[in-house]
């Protein structure tokens, strides 16, 4: 869809400005900051291994669906790629792209009649801090499906959706979080080399 390509730079700029994402800055925001000490992520006690699945329920159209959710991998890019992906490259200094690949399997409930909401519960953290989402970028990543293209999803079928976030380039650990609405997150941890 062509509008996503043109909307991406505007959406990224909005995210960067509202999240305070950058490599320094004295904005007092709670966005990604490569130099600030890490804050604890919402749930650090129980984490899942990459590919290990958890079960969650999501209110979809036409009813509640039970899913098996599994974060498969996180692709971490370079600072140069991050600068190319945003409309104001100077705001991405010290940041890299982190694309989480999450597989969702429809385990029970009605067949979906509209685009799924299950991916809305996914976030990416780096060293315990939430990254800044890069809207529209993940659908172009290899192996990622666009949730807007999924309009009929039946029990037993699975799809892989991706979310791309900006995280500090020097982060050591990346976590993928998924939570039901108002629920505690499931956490998958991925070490960076």
With criteria (1) in a loop (DSSP other than H, G, I, E, B); (2) at pLDDT 95 or above; (3) out of contact with any helix residue (DSSP H, G or I) (no Cβ under 7 Å at 6 or more places or on another chain), residue 151 comes up short on (2)
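Yes/no per residue for (1) more than 23 Å from residue 183 (Cβ to Cβ); (2) touching a strand residue (DSSP E or B) at 6+ places or on another chain (Cβ under 6 Å):
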{"position": "105", "(1), (2)": "no, yes"}
{"position": "119", "(1), (2)": "no, yes"}
{"position": "128", "(1), (2)": "no, no"}
{"position": "142", "(1), (2)": "yes, no"}
Being over 29 Å from residue 64 (Cβ atoms), surrounded by 21 or more Cβ atoms within 10 Å (Cβ to Cβ) and either under 13 Å from the mean Cα position of the chain (by Cα) or touching a residue at least 40 places away in the same chain (Cβ under 8 Å) (or both), is that true of even one residue in the range 105-121? no
Looking only at the range 81-103, decide whether some residue is touching a strand residue (DSSP E or B) at 6+ places or on another chain (Cβ under 6 Å), closer than 18 Å to residue 50 by Cα and in a loop (DSSP other than H, G, I, E, B). no
Within the range 63-83, of all residues that are free of Cβ contacts under 8 Å to residues at least 24 places away in the same chain and over 24 Å from residue 189 (Cβ atoms), the one surrounded by the fewest Cβ atoms within 10 Å (Cβ to Cβ) is 80
Return the total of residues in the range 144-157 being in contact (Cβ under 8 Å) with a residue 40 or more places away in the chain, touching a strand residue (DSSP E or B) at 6+ places or on another chain (Cβ under 8 Å) and surrounded by fewer than 17 Cβ atoms within 10 Å (Cβ to Cβ). 5
Given 141, 100, 85, which one is in contact with a helix residue (DSSP H, G or I) (Cβ under 9 Å, 6 or more places away or on another chain) and modelled with pLDDT under 95? 85
Scan the range 154-193 residue by residue and report those that are under 30 Å from residue 89 (Cα atoms), out of contact with any helix residue (DSSP H, G or I) (no Cβ under 9 Å at 6 or more places or on another chain) and in a loop (DSSP other than H, G, I, E, B). 170, 171, 172, 192, 193
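The values are calculated or read from the model by the stated rules, or taken from the named source; none is laboratory data. None of these values were measured; they are calculated from a predicted model. Don't worry about glycine lacking a Cβ; one is built from the backbone with ideal geometry, like all the others, and counts go over all protein chains shown.
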